[in-house]
Every structure is written in C-alpha cells, then in structure tokens.
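Structure record follows, encoded as structure tokens.
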C-alpha cells in the first residue's frame, strides 16, 4: 500500500494494526504541515496529540468520532470532516475517508485514510 500511496496525488496516510502512523505520501505533506522524512513513524497517541482533531467549535474529538481513529477502533470504514492542526501549527478543515486494510485471508493489516482540505 505504501508504494501505491507514493504514486498518488491524493493525500494518503497509513497506520499499522496498533494505530502507529507508518507513512504518509508527498501529497499529504502539504496538509499535514511536514515531510514524512522529518516526522517518521508516530504512535497513535503522538499523532492524535500532534494533529489535535476537533469539531467545529474547537472541542477535541474523541477517537470514536474521528474518521481514522474510528476505523482503528471499530475496524469498519468511516468518513467525515474535521478540524485539525498541521505539524506546522496551521489549522485546517479536512474531509477524511478511512478504511481498514484486510488481506485475502482476513488478516488485519492496518488502516488507510484518504483526505483533502475542504471548505468548512
């Protein structure tokens, strides 16, 4: 999936089965505010703390309400729009579609999120 993501112009973020951010592509760097080479892998707690997903009123989103965290918790596709901070400190409104990655034998491989900046 990482190789496919590296070819896409759509921002893509990949997490493993523990929720560790293991990769985001070049297109995602503009939205996330930093290059993957500079951040490297981040634990679930670290990336949630760094991106600080919130609702329209600025209230922190619990993990089950955030599209990617919800996929990790519930192992089902989710989509939605959230506010989040980039690693450069900029506040962004993004639309996210997340889904679990499962191989043909039914083994959990992690999750992927496709996202883009949107109009609030």
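Inside the range 79-110, can you point out the residues that are more than 28 Å from residue 38 (Cα to Cα) and either surrounded by 13 or more Cβ atoms within 10 Å (Cβ to Cβ) or in contact with a strand residue (DSSP E or B) (Cβ under 9 Å, 6 or more places away or on another chain) (or both)?
Residues satisfying the conditions are 102, 103.
Do we find that residue 61 is buried (at least 19 other Cβ atoms within 10 Å of the Cβ), in contact (Cβ under 8 Å) with a residue 24 or more places away in the chain and within 19 Å of residue 79 (Cα to Cα) in this structure?
No.
Checking residue 111 against (1) over 14 Å from residue 11 (Cβ atoms); (2) in contact with a helix residue (DSSP H, G or I) (Cβ under 7 Å, 6 or more places away or on another chain); (3) free of Cβ contacts under 8 Å to residues at least 40 places away in the same chain; (4) in a strand (DSSP E or B): exactly one of these is not met. Which one?
All conditions pass for residue 111, except number (3).
Scan the range 85-101 and tell me whether some residue there is in a helix (DSSP H, G or I), free of Cβ contacts under 8 Å to residues at least 40 places away in the same chain and more than 21 Å from residue 2 (Cβ to Cβ).
No, the conditions are met nowhere in the range 85-101.
Quick note: the coordinates plus some simple rules give every number you see, no bench work behind them. Because the structure is predicted, anything quoted here is derived from the model rather than measured. Cβ: placed from backbone, ideal geometry, glycine included. Neighbour counts: every protein chain shown.
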